[in-house]
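In what follows, a single structure is set out as structure tokens and then discussed.
The values are calculated or read from the model by the stated rules, or taken from the named source; none is laboratory data. Worth saying up front: this structure is predicted, and the values here are computed from it rather than measured. As a convention, Cβ positions derive from the backbone with ideal geometry for all residues, glycine included, and neighbour counts pool all protein chains shown. To get the accessible areas, we keep the full protein, side chains included, count just its heavy atoms, and leave off ligands, DNA and RNA. Shrake-Rupley method; radii C 1.70, N 1.55, O 1.52, S 1.80 Å.
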Amino acid sequence: MSMTSSGCKKSDVNYGSLRAPTAAVAFESRFAVAFDDGYTAAPPKIEGRAPNDIADQRLLHARLGHADLVMLVRVEHIWEKGFKGGAKRQFLEVRLGQVLYGDIGPSVNAQQLIPVVGESVPAGLEGARLLMFVRWAPGEEPSFHHHLGPAVPEVVDMIHAMVIHARKEGVLGSSGAVKK
């Protein structure tokens, strides 16, 4: 995949085939804090009691509780493209990994271009394994909002345990998606 540094038109940005399913409900503004299309460099301290730790824990639980999809991704490349509305546009080219919760469907490309807003993504992020929390946003481009953060083992293990527990309780199906 190659991208040029020339002007940015909607048609020259390919987000891949990760798309909201047909039955997805519209994205509500109340989810914008948790699914901010951003990246957090610091891992959440899931046992800390400091005010910042508690704020991180609340965001993590909001992302887990409202995500349509939680998965591991590996950063392949970082892209920057011009400016749009006075803000630099950044993208992470990622390789999709293990789905921890939800379903991506059978025809999704393993390579995805994910837009990232907010502070600059660090240059050394290439090769990093991240957690990606996704909330569908049908009718938007791309048709999802997300948040990316480090895939630290204790958080990944906690998510695995929660999914296993939810399956045992009959809340989730075998694919990890919520039973209807």
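Residue check: is ARG63 modelled with pLDDT of 90 or more and over 18 Å from HIS160 (Cα atoms)? Working first, answer last.
On the way: modelled with pLDDT of 90 or more: yes; over 18 Å from HIS160 (Cα atoms): no.
So ARG63 does not fit the description; no.
Could you list all residues from region 95-134 that are open to solvent by less than 30 Å² (accessible area, probe 1.4 Å) and under 23 Å from SER29 (Cα atoms)?
GLY102, ILE114, PRO115, VAL116, LEU131, MET132, PHE133, VAL134
Can you list residue pairs whose Cβ atoms sit under 6 Å apart, with the first residue in region 27-52 being farther than 17 Å from VAL116 by Cβ and the second being open to solvent by 60 Å² or more (accessible area, probe 1.4 Å) and modelled with pLDDT of 85 or more? Count only pairs 6 or more apart in sequence or on different chains.
That search, which allows pairs on different chains as well, returns PHE31/HIS66.
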